[in-house]
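Presented below is the structure to which this report refers.
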Amino acid sequence: AIPDRFTALTHVNATVLTRKGEDFERTSTSVKDEKGNRASGIPLGAGHPGREALLKGQPYTGKAKMLGRDFMTHYLPIRDGEGRVIGAFFVGMDFTEGLAALKKKVL
């Protein structure tokens with residue numbers, strides 16, 4: 001409910017991720033796949049550009065692909081009382097259509 005309320009107010013996607021070993025899994029998210037299903041349970045994956053920064057406890061801001069779409073993202077690590085990274089918050093804006101239009105215009 002919290003990511004949905006955030007998205008409704010800001011028009012920006014939001015996700016809470018839980019650390020799973022050396023990766024992060026989308027636990028609660030407003031991001032949906034092409035069928036309209038939530039992207040919950042999907043890991044960031046080894047190729048995600050923000051994964052290494054988050055594992056080190058650092059935020060990540062930049063472009064990332066999610067579910068085949070282009071997003072401008074910001075990830076912020078979540079720490080427990082002892083300072084260990086146990087998850088992350090994500091906000092991001094899907095700019096897939098804008099990027100496609102720009103590429104078409106340039107070509």
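The values are calculated or read from the model by the stated rules, or taken from the named source; none is laboratory data. Note that the structure is predicted; figures quoted are calculated from it, not measured. When we count neighbours, we look across all protein chains shown, and the Cβ atoms used for this are built from the backbone with ideal geometry, even at glycine. Please note that ligands, DNA and RNA were not included when accessible areas were found on the heavy atoms of the full protein model with its side chains. Shrake-Rupley method; radii C 1.70, N 1.55, O 1.52, S 1.80 Å.
Summarising the amide proton neighbourhood of residue 66: residues at separation of 5 or more, or on other chains, whose placed amide H is nearer than 5 Å comprise 71.
Rounded to the nearest 10 degrees, the angle from helix 96-106 to the longest Cα principal axis of the chain is 40 degrees.
Modelled label positions at residue 1 and residue 27, each set 7 Å beyond Cα in the direction of Cβ, lie 1.7 nm from each other.
Rounded to whole Å, give me the distance from the Cα center of the range 37-64 to that of the range 77-103. What the calculation gives is 7 Å, centre to centre. Model label points for residue 74 and residue 18, set 7 angstrom from Cα along the Cα-to-Cβ axis, are 2.6 nm apart. Per residue, the convex hull spanned by the Cα atoms of the chain measures out at 111 cubic angstrom. Work through the residues other than residue 7 whose Cβ is under 13 Å from its Cβ and net out their charges, Lys, Arg +1 and Asp, Glu -1. For residues surrounding residue 7, the net value is +1.
The solvent-accessible area of residue 2, taken with every protein chain present and a 1.4 Å probe, is close to 120 Å².
Here each label is just a point 7 Å from Cα along the line to Cβ, and for residue 39 and residue 93 those points are 1.7 nm apart.
Calculated from the alpha-carbon coordinates, the range 62-107 shows an Rg and a Dmax of 15.4, 52 Å respectively. The heavy atoms of residue 48 offer some 10 square angstrom of accessible surface to a 1.4 angstrom probe.
When the solvent-accessible area of the chain is split by element, carbon and sulfur atoms take up 59 percent of it, the probe being 1.4 Å. Between residue 56 and residue 107, full extension at 0.36 nm per residue minus the direct alpha carbon distance yields a gain of 14.4 nm.
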